[in-house]
1. Measuring from label point to label point, each 7 Å out along Cα→Cβ, what is the Asp271 to Lys132 span in nm?
2. Distance from a point 7 Å along Cα→Cβ of Arg219 to each backbone N in the range 351-384: keep the residues under 11 Å and list them by number.
3. How far, in degrees from 0 to 90, does helix 37-47 lean away from the longest principal axis of the Cα atoms of the chain, to the nearest 10?
4. If each residue of separation counts as 0.36 nm, what is the full-extension length gain between Asp102 and Arg258 once their alpha-carbon separation is subtracted?
5. Distance from the Cα centre of the range 270-336 to that of the range 135-191, in angstrom?
6. Using only alpha carbon pairs under 8 Å that are at least six residues apart, calculate the relative contact order of the range 3-121 and give it in whole percent.
7. Can you tell me which of 1-10, 230-239 comes out highest on packing, and rank the rest after it, using the mean Cβ neighbours within 10 Å?
8. Taking a cut-off of 24 Å between Cα atoms, list the lysines near Lys267, but don't count ones fewer than 8 places away on the same chain.
Amino acid sequence: MRKISLLGTGLIGMFYTMVLHGQRSRDRVVNVYSRSADRASQFAAQWGIPRSSNDLKAVIHDPETDVVVVGLPNHLHEEAVCEAAKAGKAVLCTKPLARAADEALRMLEAVERAGVFAGYLEDLVYTPKTLKALDSVAKGALGKVLWARSRETHPGPHSAWFWDKNQSGGGAIIDLGCHCIEIARSFIGKDIRPVEVVCWGDTQVHPIEAEDHAVGLVRYENGAVGQFEVSWTFRGGMDLRDEVSGTEGTLFLNHWLRTGLEMFTAKGSGDYVAEKAEGNTGWLFPVGDEAGALGYVEMFSDMLNSLDTGGTPRETFYDGYVVNAIMDAAYASMASKRWEPVKLAVWRGRENVPNVAGIRDFDADHMLLKEERMPDGAVKLILRHKESGRVIERIKS
């Protein structure tokens with residue numbers, strides 16, 4: 001059994017507690033922190049948590065807990081993680097790991113110096129659909145991954161601090177792009193170095209200093225490209241979609257706008273529908289198991305099982321650091337309007353990975369460009385002569 005100090009009582013703290021109390025059935029949040037003592041007390045009463053406080057250090061250093069879960073606003077992550085490392089506690093931190101790569105690196109170094117277990121709570125990499133897709137890609141179903149596109153859009157965050165650039169570190173990129181970037185990394189290969197980023201972002205709707213819409217491309221050393229599309233201006237709820245293309249196949253994932261449950265109501269029930277749903281009348285798409293659909297269940301199972309066995313979770317603080325470095329490059333590109341390098345002071349992946357697209361030989365003289373069955377049933381081959389470069393067509397006999 002793991003006894004947990006939970007830091008944060010917002011929406012993410014609610015999701016975390018829901019899963020921690022329900023999944024493995026032996027883990028409990030026993031102390032909870034909020035900046036508001038009243039909010040901490042109310043949250044504790046709601047979820048059966050025996051202790052609560054607005055004293056951050058006291059909750060982290062609680063002698064009865066062995067795990068600290070950080071669900072705080074971004075500007076408080078470094079303080080909380082470093083304090084947990086001082087306390088010798090395992091620490092799990094929500095996304096994004098930090099506001100920028102230098103902050104993330106200090107957090108990574110703090111937990112590694114202390115020798116404590118640390119996990120990066122990137123839930124969307126753990127959705128059941130994503131895990132199934134990642135397993136298929138790992139088994140070669142798509143061949144070499146060439147392009148991974150991830151999209152997360154909705155009408156905007158639910159708490160005031162997200163909209164404050166000083167507290168959050170940015171806008172839609174820091175809030176949503178961290179998900180999309182790590183999803184693409186997972187499909188392309190987290191041991192493949194991200195090289196450079198080009199990104200457009202702007203404030204299209206909201207009167208804020210940060211961007212509320214952005215599109216970016218991340219080029220990897222092996223030639224693959226990760227694409228992220230993020231917005232706080234999208235109307236109609238939350239749109240979570242991924243698309244991955246490889247030399248041997250393609251896959252599509254639709255996580256949220258269409259949940260598998262469709263309901264029309266002219267009257268409305270007044271109940272909660274789903275995260276970021278904009279209303280409760282008309283066509284609705286409720287979620288049966290929201291925490292499960294968003295990956296929280298598998299995420300905490302992986303984290304706590306890895307802690308129990310001395311293993312490494314799928315998502316580590318190092319992954320969070322790389323994501324922050326990519327986002328830094330995206331913000332630099334927004335300002336410069338050109339490709340910007342991804343600056344990684346620490347790289348733990350493969351070096352000098354060649355850009356090999358899986359070229360197939362047809363025979364000793366030709367390379368196969370394409371094979372296609374025509375309407376009349378014939379199979380046409382498009383071939384390129386190796387020496388001359390001439391491209392020809394041939395009907396397969």
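Every number in this text was worked out from the coordinates using simple rules, so none of it is lab data. Nothing here was measured: the structure is a model prediction, and the numbers come from that model. Virtual Cβ from ideal backbone geometry, glycine too; neighbours counted across all protein chains shown.
1. Rounded to a tenth, the inter-label distance reads 2.5 nm.
2. Under 11 Å, as judged by backbone N against the label point of Arg219, lies no residue of the range 351-384.
3. Rounded to the nearest ten degrees, it is 70.
4. Gain on extension, Asp102 to Arg258, equals 52.3 nm.
5. A separation of 9 Å, based on Cα centres.
6. 23 percent
7. Most protected by this proxy first, the peptides run 1-10, 230-239.
8. Within the straight-line cut-off, Lys267 pairs with Lys276.
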